[in-house]
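As structure tokens, the structure follows; a few thoughts come after it.
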Amino acid sequence: MEKIVLSKPLTPQYILVKEDKNPIFIWGIGALARNVYNYCVKFNINVDGFFVNVSTDSDFMFHDLPVYSIEQLMETHSSFSVIIGHANYAEGIELLKDINNVENIYCLSSLCYSMYDLIDINFIEENYSILQSFYAALEDEKSKKCLKSYLESRLYDKAEYMFDCYDKDVTYFKNDVIQLSSEETFLDIGACYGKAIWSFLQTVNYNYRSVIALEPEEENYLLLRKEIENRGINNIIAKQVCAYNECGTVHFEGDREQGGIKTSTSAYKTYPAVTIDRLCEELPMGEMISIIKINFAFSVSEVLEGGKNLLRERKPKLIIRAGFDENVLLETYLVIKNINPRYKIYLRYTVGIPQGLTLFAV
């Protein structure tokens, strides 16, 4: 940790982009591109449009801006700059650097869940003992390199620090940390419309015990149910509920793709909540939960505390996207070790952006 110091004055990415005299285009039109666009709105960055690497209709729009194919953009603009808005920054740079029309390429390090603030050296100093403990507790050198690269990406506002640690073949379920069997019961907390579930099923070749999917947001839940029906998936239970550290109701803030429980918020919806341990009591397959996935920025430690009996007694494998917020990352480590010190902790990037940092506990 002593190697992580600010060696020179920092110029945040938003200032560099605002000073760019070229037309600015965002590469992508998915969830991450939407985050990039919101970032640009936040910092008053003028965006001239979007582009994709497939053909598009001439009148196609995204956020009321034109969407070009890369060929169209090269024909109409002799020089332009790009903010990468898809979740593989390293590959994006490799593809763009050979295009002469592209003047500058930006990879934003802080944009998911509208968390735009960088960390600074004060964060390192204030959390020094926890960071040292976390670093020492990580099980292998890969994990230690991931932690260091993540902190540097967030300190220097340069996503490039994490590139050497990212392997595009590493996913939630295909990696060198967890081993899956045909006897898994998978609990997906914040299942959205089921993307992680379908990946899990493919990885185990549809040989599994059961799946429990929790998704509170109405539209996501309906899409999830429809997908389950269309795919003819067996042994799966979907519940429109939040996981938390107590049963009752909670305040849920955000949209379909980036929502979560927040105790202090003025704009929220009220959803029912249940603890993981209560699920284990209520559902016939609940006590057999062997793997848990969490992919959201808020209240992760509370969710885990709501399953402390399961984590102590059965020690299910944990997969937690932990790169959204540094404080939540440290809280997650602490609460896991507090509940069950026998857990071994690993870090890997499962998405090619700093927020793709994923904590595995086995």
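The values are calculated or read from the model by the stated rules, or taken from the named source; none is laboratory data. All figures in this text were calculated on a predicted structure; none of them were measured in a lab. Heads up, the Cβs are rebuilt from the backbone with ideal geometry, glycines too, and the neighbour counts pull from every protein chain shown.
Here's the yes/no breakdown for (1) hydrophobic (A, V, I, L, M, F, W, C); (2) modelled with pLDDT of 95 or more; (3) assigned to a loop (DSSP other than H, G, I, E, B); (4) at positive phi:
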{"residue": "I4", "(1), (2), (3), (4)": "yes, no, yes, no"}
{"residue": "V17", "(1), (2), (3), (4)": "yes, yes, no, no"}
{"residue": "K21", "(1), (2), (3), (4)": "no, yes, yes, no"}
{"residue": "F25", "(1), (2), (3), (4)": "yes, yes, no, no"}
{"residue": "F50", "(1), (2), (3), (4)": "yes, yes, no, no"}
{"residue": "M74", "(1), (2), (3), (4)": "yes, no, no, no"}
{"residue": "S81", "(1), (2), (3), (4)": "no, yes, no, no"}
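May I ask you to verify whether E218 is among the acidic types (D, E) and in contact with a Ser or Thr (Cβ under 8 Å, 6 or more places away or on another chain)? Outline the logic, then answer.
Working: among the acidic types (D, E): yes; in contact with a Ser or Thr (Cβ under 8 Å, 6 or more places away or on another chain): no.
No: the conditions fail for E218.
Regarding N100, is this residue touching a Ser or Thr at 6+ places or on another chain (Cβ under 6 Å) and assigned by TED's automatic domain parsing to the domain that holds A33? Spelling it out, it is not the case that N100 is touching a Ser or Thr at 6+ places or on another chain (Cβ under 6 Å) and assigned by TED's automatic domain parsing to the domain that holds A33.
Check S149 against each of (1) part of a loop (DSSP other than H, G, I, E, B); (2) in contact with a helix residue (DSSP H, G or I) (Cβ under 6 Å, 6 or more places away or on another chain); (3) among the polar types (S, T, N, Q) and name the one condition it does not meet. Single failed check for S149: (1). In region 16-31, the residue that is nearest to L95 (Cα to Cα) out of those that are of a type outside the set (S, T, N, Q) and touching an Asp or Glu at 6+ places or on another chain (Cβ under 8 Å) is F25.
Within region 275-286, residues that are under 12 Å from I212 (Cα atoms) sit with their Cβ atoms under 6 Å from residues that are surrounded by fewer than 17 Cβ atoms within 10 Å (Cβ to Cβ), at 6+ positions apart or across chains, in these pairs: C280/E287. Applying the set (1) surrounded by 13 or more Cβ atoms within 10 Å (Cβ to Cβ); (2) in contact with a strand residue (DSSP E or B) (Cβ under 7 Å, 6 or more places away or on another chain) to K195 leaves exactly one unmet item: (2). When you look at D188, is it crowded, with 20+ Cβ neighbours inside 10 Å and either hydrophobic (A, V, I, L, M, F, W, C) or touching a strand residue (DSSP E or B) at 6+ places or on another chain (Cβ under 8 Å) (or both), yes or no? The answer is yes for D188. Cβ-Cβ contacts under 6 Å between residues 6 or more apart (or on different chains), taken from a first residue in region 132-152 that is of a type in the set (D, E) to a second residue that is assigned to a helix (DSSP H, G or I) and surrounded by fewer than 22 Cβ atoms within 10 Å (Cβ to Cβ), are listed as E152/Y161. Residues in region 112-127 that are within 16 Å of E152 (Cα to Cα) and crowded, with 16+ Cβ neighbours inside 10 Å were compared, and the one that is nearest to the chain's Cα centre (by Cα) is Y116. Checked across region 68-75, the condition of being over 25 Å from S149 (Cα atoms), of a type outside the set (D, E, K, R), in contact with a helix residue (DSSP H, G or I) (Cβ under 8 Å, 6 or more places away or on another chain) and in contact (Cβ under 8 Å) with a residue 12 or more places away in the chain holds for at least one residue. Only residues that are charged (D, E, K, R) and without any contact (Cβ under 8 Å) to a residue 12 or more places away in the chain were counted in region 222-245, giving 2.
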